[in-house]
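*Asks:* This structure is in structure tokens; I'll ask about it shortly.
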Amino acid sequence: MAIHYSEIQETIRMVQMESLDIRTVTMGISLRNCQDSDFDKVKDNVYNKIVSYAGQLKPVAEQVEKEYGIPIVNKRISITPIAEILGDLTVDQAVELAKVLDKAAEATGVDFIGGYSALVHKGMTKADQTLLQSIPRALSETNRVCSSVSIGTTRTGINMDAVGQLGHIIKETAELTKDQDSIGCAKFVAFCNPVEDNPFMAGAFHGAGEGEAVLSVGVSGPGVVLNALKRYPDADLGEVADVIKKTVFKITRAGELLGRVVAERLNVPFGIMDLSLAPTNAMNDSVAEILEEIGLESVGTHGTIAALALMNDAVKKGGAMASSYVGGLSGAFIPVSEDNGMIRGIQDGSLTLDKLEAMTCVCSVGLDMIALNGDAPAETLSAIIADEAAIGMINKKTTAVRVIPVVGKNEGDMVEFGGLLGRAPIIGVKPFSSEKMIKRGGRIPAPLQALIN
Amino acid sequence: MQKRAVVTVVGKDQVGIISKVTTVLAEHKMNIHDISQTILQDYFTMMMIVEMDNKDRLEDLLEAFERVEDDMNLTISVQLEDVFQAMHRI
């Protein structure tokens, strides 16, 4: 069917003026067959497998973006959670393996490799423990490796012993990377109900239910949604949802087309489309500004949760119609440092940590890229993780915590992480202690919601 | 099915835009299937559907268009038609 003049114009406008892009194509690679009793062989196997599968990822994705005229911003790799192949290796060896991953990522030209991970939501194996202990060094001695730890699920409850350890791990990572504003913490996520096919960093890993290799796509486009809404300043909220739905439908279709072409050319199966609205620091590419366009003076004020719930749901509905294989996190991301509107909200005092927590009940992930005062105690960080995990566990959704206690910085200071990670105003944590609760340890039992069989 | 691409040209109206752009296409042996053009507030916009049987020539074509863009201060983009089909047709 012939394409109409105005439709061509719309697509061009979305790309050139409204920051429509494919946020990431992420290749998931299983490393399960890389195990060996000889550590040198493990390192060789891991490096060779990654490079042989993903060696062409970047050039192929770049060729496809050229042909279709839609930018693919990031090319990334996710791998089997490394704790699953660590076996009896030591902490030093685990760090060495992280460096091998870093080298493989560099060789393939991807910007991040995710999956330096462990799933410990119920209990911890010896290898899981080794991995957890190695995280601060692994993140400070590599550039492209991302790490995540699952500490809770709706079906298992929350492993509070692991949550307790994570507070210290985040503090130590912050300390080891204090020369760069504790940036190591920006590469670490604590998850409740993680998904196995998330293409977005820092939380991507290639789950146990996945095949040898798979290509998944994360689309984005807050700028496109924002501009679409600007054309309907007087629409009622039902119509607002409709505008978002239609816009996301188009974005998703473009993303799926490009993803399938890349997958076909790389000869790996297409996995899923993650249709998350992910902001960037580019002008107008902000989730907060969409909420403000819906009718809030400043993000974080009363009404924010309702607006976000409406938006998140409309994104899912539009995307679900556009692609048969919707997966990952699919919804809206609210990373503070990567969203100019969120940064402004905090500086203006309308957006607080408490409100951000509440927002995570109705959007796709959790507390993301939030800079905290450097002297926040480990137990407070653990308690923040526990709160988020509880929200995820009870609401049967993914929640995550990626906070950066920036060494030497206090509430009101500004930190620059640079690049995609952006910049963030420091938010102060509450001065009251959560130490006793965290020190109790143990496991928060699975909620009634788990008993669904 | 035959691969087709959409070429769009936007810029300040001036003499010779169509001539220069279509010359580049002819030099690359690309057939034009459809062409439409308007002027909106002094701005020239043109869209063409062209045959794109050999994607290997895309690189050369883009380079040639870059020179025209610089010469005449235009924005020219080339995109495979599939992306428009995906976005605007169910």
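*Asks:* Give the residue that is nearest to the chain's Cα centre (by Cα), with candidates limited to residues of region A:238-267 that are in a helix (DSSP H, G or I), free of Cβ contacts under 8 Å to residues at least 24 places away in the same chain and farther than 19 Å from A:Asp313 by Cβ.
*Replies:* Among them, the one singled out is A:Arg260.
*Asks:* Quick one: which strands (runs of 3 or more DSSP E) sit completely within chain B and have at least 2 residues that are facing chain A (nearest Cβ under 10 Å), touching a strand residue (DSSP E or B) at 6+ places or on another chain (Cβ under 9 Å) and closer than 18 Å to A:Gln16 by Cβ?
*Replies:* Fully inside chain B and qualifying: B:4-12, B:43-51, B:74-80.
*Asks:* Here are A:Ser78, A:Ser52, A:Ser37, A:Ser19: which of them is more than 14 Å from chain B (Cβ to nearest Cβ) and at positive phi? Please lay out each step first, then the result.
*Replies:* Details: A:Ser78 fails: at positive phi; A:Ser52 fails: at positive phi; A:Ser37 fails: at positive phi.
Exactly one residue qualifies, and that residue is A:Ser19.
*Asks:* Quick one: A:Asp88 ticks every box in (1) open to solvent by 40 Å² or more (accessible area, probe 1.4 Å); (2) within 13 Å of another protein chain (Cβ to nearest Cβ) bar one, so which box is it?
*Replies:* With (1) open to solvent by 40 Å² or more (accessible area, probe 1.4 Å); (2) within 13 Å of another protein chain (Cβ to nearest Cβ) applied to A:Asp88, the lone miss is (2).
*Asks:* Exactly one of (1) out of contact with any Asp or Glu (no Cβ under 8 Å at 6 or more places or on another chain); (2) buried (at least 24 other Cβ atoms within 10 Å of the Cβ) is unmet by A:Thr156. Its number?
*Replies:* Unmet for A:Thr156, out of (1) out of contact with any Asp or Glu (no Cβ under 8 Å at 6 or more places or on another chain); (2) buried (at least 24 other Cβ atoms within 10 Å of the Cβ): (2).
*Asks:* A:Arg144 fails exactly one of the following numbered conditions: (1) buried (at least 23 other Cβ atoms within 10 Å of the Cβ); (2) in contact with a strand residue (DSSP E or B) (Cβ under 7 Å, 6 or more places away or on another chain). What is the number of that condition?
*Replies:* Every listed condition holds for A:Arg144 apart from (1).
*Asks:* Mind listing just one residue for me: the one in region A:28-70 that is touching a helix residue (DSSP H, G or I) at 6+ places or on another chain (Cβ under 7 Å) and polar (S, T, N, Q) and, of those, farthest from A:Ile85 (Cα to Cα)?
*Replies:* Here the answer is A:Gln56.
Residues are listed down the side, and each one gets a yes or a no for (1) in a helix (DSSP H, G or I); (2) surrounded by 20 or more Cβ atoms within 10 Å (Cβ to Cβ):
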residue: A:Gln16; (1), (2): yes, no
residue: A:Thr26; (1), (2): no, yes
residue: A:Asn45; (1), (2): yes, no
residue: A:Val51; (1), (2): yes, no
residue: A:Val73; (1), (2): no, no
residue: A:Glu84; (1), (2): yes, yes
residue: A:Gln93; (1), (2): yes, no
residue: A:Leu101; (1), (2): yes, yes
residue: A:Ala105; (1), (2): yes, yes
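*Asks:* So is B:Ile90 at pLDDT below 90, open to solvent by 50 Å² or more (accessible area, probe 1.4 Å) and of a type in the set (Val, Ile, Thr) or not? Can you show your working first?
*Replies:* Numbers: at pLDDT below 90: yes; open to solvent by 50 Å² or more (accessible area, probe 1.4 Å): yes; of a type in the set (Val, Ile, Thr): yes.
Judged against the criteria, B:Ile90 is a match.
*Asks:* Hey, any hits in region B:43-55 for a residue that's exposed (fewer than 14 other Cβ atoms within 10 Å of the Cβ) and either under 20 Å from A:Ser6 (Cβ atoms) or touching a residue at least 60 places away in the same chain (Cβ under 8 Å) (or both)?
*Replies:* yes
*Asks:* Scan region B:60-81 for residues that are without any contact (Cβ under 8 Å) to a residue 60 or more places away in the chain and surrounded by 11 or more Cβ atoms within 10 Å (Cβ to Cβ) and jot them down.
*Replies:* The answer is B:Asp60, B:Leu61, B:Leu62, B:Ala64, B:Phe65, B:Glu66, B:Arg67, B:Val68, B:Glu69.
*Asks:* Looking at A:Val64, A:Val46, which one is within 14 Å of chain B (Cβ to nearest Cβ) and not acidic (Asp, Glu)?
*Replies:* Only one candidate qualifies: A:Val64.
*Asks:* Another question about this same structure. Can you name the residue in region A:188-212 that is within 17 Å of A:Tyr325 (Cα to Cα) and touching a strand residue (DSSP E or B) at 6+ places or on another chain (Cβ under 7 Å) and, of all such residues, is most open to solvent (accessible area, probe 1.4 Å)?
*Replies:* A:Glu210
*Asks:* Considering only residues that are open to solvent by less than 20 Å² (accessible area, probe 1.4 Å) and within 11 Å of chain B (Cβ to nearest Cβ), which ones fall in region A:241-254?
*Replies:* A:Thr247, A:Ile251, A:Thr252, A:Ala254
*Asks:* Just checking, does region A:159-174 include any residue being outside any helix (DSSP H, G or I) and over 20 Å from A:Asp111 (Cα atoms)?
*Replies:* For region A:159-174, residues outside any helix (DSSP H, G or I) and over 20 Å from A:Asp111 (Cα atoms): present.
*Asks:* Among the listed residues A:Leu257, A:Leu266, identify the single one that is farther than 17 Å from A:Pro233 by Cα, hydrophobic (A, V, I, L, M, F, W, C), surrounded by fewer than 24 Cβ atoms within 10 Å (Cβ to Cβ) and within 14 Å of chain B (Cβ to nearest Cβ).
*Replies:* A:Leu257
*Asks:* Also, I was wondering about something else. Would you confirm whether any residue within region A:237-247 is hydrophobic (A, V, I, L, M, F, W, C) and over 23 Å from B:Ile90 (Cβ atoms)? Reasoning before the result, please.
*Replies:* First, the residues of region A:237-247 that are hydrophobic (A, V, I, L, M, F, W, C): A:237, A:240-241, A:243-244.
Checking which are over 23 Å from B:Ile90 (Cβ atoms) leaves us with A:237.
Yes, region A:237-247 contains at least one residue that is hydrophobic (A, V, I, L, M, F, W, C) and over 23 Å from B:Ile90 (Cβ atoms).
*Asks:* Can you tell me which residue in region A:339-384 is modelled with the lowest pLDDT, limited to those that are under 20 Å from the mean Cα position of the chain (by Cα), among the aliphatic types (A, V, I, L, M) and in a loop (DSSP other than H, G, I, E, B)?
*Replies:* It comes out as A:Val365.
*Asks:* Follow-up question, since we're still on this one. Which members of region A:3-14 meet the condition of being out of contact with any Asp or Glu (no Cβ under 8 Å at 6 or more places or on another chain) and either assigned to a loop (DSSP other than H, G, I, E, B) or among the basic types (Lys, Arg) (or both)?
*Replies:* A:His4, A:Arg13 - these are the residues of region A:3-14 that are out of contact with any Asp or Glu (no Cβ under 8 Å at 6 or more places or on another chain) and either assigned to a loop (DSSP other than H, G, I, E, B) or among the basic types (Lys, Arg) (or both).
*Asks:* For B:Ile17, indicate whether it is touching a residue at least 40 places away in the same chain (Cβ under 8 Å), among the β-branched types (Val, Ile, Thr) and either over 15 Å from B:Leu62 (Cα atoms) or open to solvent by 80 Å² or more (accessible area, probe 1.4 Å) (or both).
*Replies:* Numbers: touching a residue at least 40 places away in the same chain (Cβ under 8 Å): yes; among the β-branched types (Val, Ile, Thr): yes; either over 15 Å from B:Leu62 (Cα atoms) or open to solvent by 80 Å² or more (accessible area, probe 1.4 Å) (or both): yes.
Against the criterion (touching a residue at least 40 places away in the same chain (Cβ under 8 Å), among the β-branched types (Val, Ile, Thr) and either over 15 Å from B:Leu62 (Cα atoms) or open to solvent by 80 Å² or more (accessible area, probe 1.4 Å) (or both)), B:Ile17 qualifies.
*Asks:* Check whether at least one residue in region A:282-300 is open to solvent by 20 Å² or more (accessible area, probe 1.4 Å) and within 14 Å of chain B (Cβ to nearest Cβ), and report yes or no.
*Replies:* no
The values are calculated or read from the model by the stated rules, or taken from the named source; none is laboratory data. Bear in mind the structure is a predicted one, so any value in this text is a computation, not a measurement. For neighbour counting, all protein chains shown are included, and Cβ atoms are generated from backbone atoms with ideal geometry for every residue, glycine included. Surface areas here come from the heavy atoms of the whole protein model, side chains and all, with no ligands, DNA or RNA. Shrake-Rupley method; radii C 1.70, N 1.55, O 1.52, S 1.80 Å.
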